[in-house]
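Below: one structure, written as structure tokens.
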Amino acid sequence: MRTKSVLPALTMSLLAAALVSGCSEQPKQEAAKEESSVTAAVDKAMEQTADAVESAKQETAAAADEAQQAASSALDEAKAKAADAVDAAKAGADDAMEGAKAAANDAVDGAKAMAGDAMDSAKAGAADMMAKADGAMAEQKLDGKSLATTKGCVACHSTTDAKMIGPGWGGLAGTERSFTDGTSAVADDAYLRAAITNPNAQIVEGFAPAMPAMPLSEAELDALVAYINTLK
Ligand code: HEC
């Protein structure tokens with residue numbers, strides 16, 4: 001620093017001035033001369049001191065600026081780091097959120113798929129039931145006329161009142177039937193059923209016990225009886 005180098009010089013100058021002025025033997029003119037030179041030296045020293053102070057101030061200010069700059073850049077760096085850390089934390093949180101969302105979506109998709117599957121199998125089951133119900137309906141709607149053919153009834157029975165091996169079915173329903181054992185009965189639904197399921201219990205007068213008992217479902221029996229009822 002210039003201040004340090006200037007101060008000893010100033011001190012020296014003052015000392016020299018004091019020494020010079022201390023010589024009282026000198027003539028007055030000499031003394032005045034000396035005095036003015038001392039004053040000049042002092043002024044110069046003061047000037048130099050002021051310069052030194054000024055430059056020290058400037059240096060201090062520069063150092064302060066530097067320190068401030070360093071501090072502010074350190075602050076900026078710290079801010080940047082903190083911002084980075086915040087960003088990283090945000091990114092991490094976002095990732096976690098995304099992961100959670102994805103997992104939730106997967107779970108929802110899985111549940112949807114399972115629900116869909118359950119729905120599909122329920123639909124399939126319902127369709128099966130419908131098909132079976134249709135089948136049952138179809139069986140109930142069995143056509144007596146076709147059954148009489150497929151079961152072989154028409155081999156022995158005509159659909160008119162013409163006799164074959166068995167009595168004709170035309171005009172049979174509701175009439176009174178006479179049997180070989182001397183009894184009789186009205187040909188209602190119950191009679192027709194019994195005549196079909198147990199043909200040899202009562203033999204219609206004028207006929208031989210030639211009718212075989214055939215395995216028929218209730219639906220088929222109903223259909224055949226209904227068909228015979230239509231033959232007037
Ligand atoms: C092999 C010949 C034969 C076949 C096949 C036959 N029947 Fe007969 N059926 C007879 C004879 C014979 C009688 C009369 C004697 C009797 O009452 O068993 C008769 C009687 C009946 C009677 C009573 C008729 C009346 O006048 O009271 C009914 C109803 C009848 N048959 C229905 C059927 C039906 C329905 C089928 C077919 C699933 C069938 N039969 C198949 C020979 C047959």
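The values are calculated or read from the model by the stated rules, or taken from the named source; none is laboratory data. This structure is a prediction, so every number in the text was calculated from the model and none was measured. Neighbour counts run over all protein chains shown; Cβ positions are idealised from the backbone, glycine included.
Assorted remarks:
- Scanning segment 181-191 for residues being more than 9 Å from the ligand (Cβ to nearest atom) and in a loop (DSSP other than H, G, I, E, B) gives a total of 4.
- Against the test of being at pLDDT 90 or above and either in the same structural domain as LEU224 (by TED's automatic domain parsing) or part of a helix (DSSP H, G or I) (or both), the options LYS101, LYS132 yield a single qualifying residue, LYS101.
- Top-ranked residue in segment 166-196 [being of a type in the set (A, V, I, L, M) and surrounded by 12 or more Cβ atoms within 10 Å (Cβ to Cβ); ranked as farthest from ALA219 (Cα to Cα)]: ALA185
- Residue within segment 31-52 that is assigned to a helix (DSSP H, G or I), modelled with pLDDT under 90, of a type outside the set (S, T, N, Q) and under 60 Å from the mean Cα position of the chain (by Cα) present: no
- Selection within segment 115-136 - more than 23 Å from GLU220 (Cβ to Cβ) and either of a type in the set (Lys, Arg) or surrounded by fewer than 10 Cβ atoms within 10 Å (Cβ to Cβ) (or both): LYS123
- Of all residues in segment 146-170, those that are more than 60 Å from the chain's Cα centre (by Cα) and not in a loop (DSSP other than H, G, I, E, B) total 5.
- SER178 vs. criteria among the hydroxyl-bearing types (Ser, Thr, Tyr), more than 10 Å from the ligand (Cβ to nearest atom) and in contact with an Asp or Glu (Cβ under 7 Å, 6 or more places away or on another chain): no
- Where a residue in segment 190-207 is at pLDDT 95 or above and its partner, wherever it lies, is within 9 Å of the ligand (Cβ to nearest atom) and hydroxyl-bearing (Ser, Thr, Tyr), with Cβ under 6 Å and at least six apart: ILE203/THR180; GLU205/THR180
- Cβ separations smaller than 9 Å between residues 6+ apart or across chains give the following pairs from segment 156-183 residues that are in contact (Cβ under 8 Å) with a residue 60 or more places away in the chain and under 15 Å from VAL225 (Cβ atoms) to residues that are more than 9 Å from the ligand (Cβ to nearest atom) and outside any loop (DSSP other than H, G, I, E, B): THR159/LYS145.
- Scanning segment 197-211 for residues that are exposed (fewer than 12 other Cβ atoms within 10 Å of the Cβ) and either outside the structural domain of GLY174 (by TED's automatic domain parsing) or touching a Pro at 6+ places or on another chain (Cβ under 7 Å) (or both) yields one hit, ASN200.
- In segment 153-170, the residues that are within 16 Å of ASP188 (Cα to Cα) and either at pLDDT below 95 or more than 10 Å from the ligand (Cβ to nearest atom) (or both): GLY170
- Being assigned to a helix (DSSP H, G or I), assigned by TED's automatic domain parsing to the domain that holds LEU224 and either small (Gly, Ala, Ser) or more than 8 Å from the ligand (Cβ to nearest atom) (or both) holds for only one residue in ALA194, ALA173, and it is ALA194.
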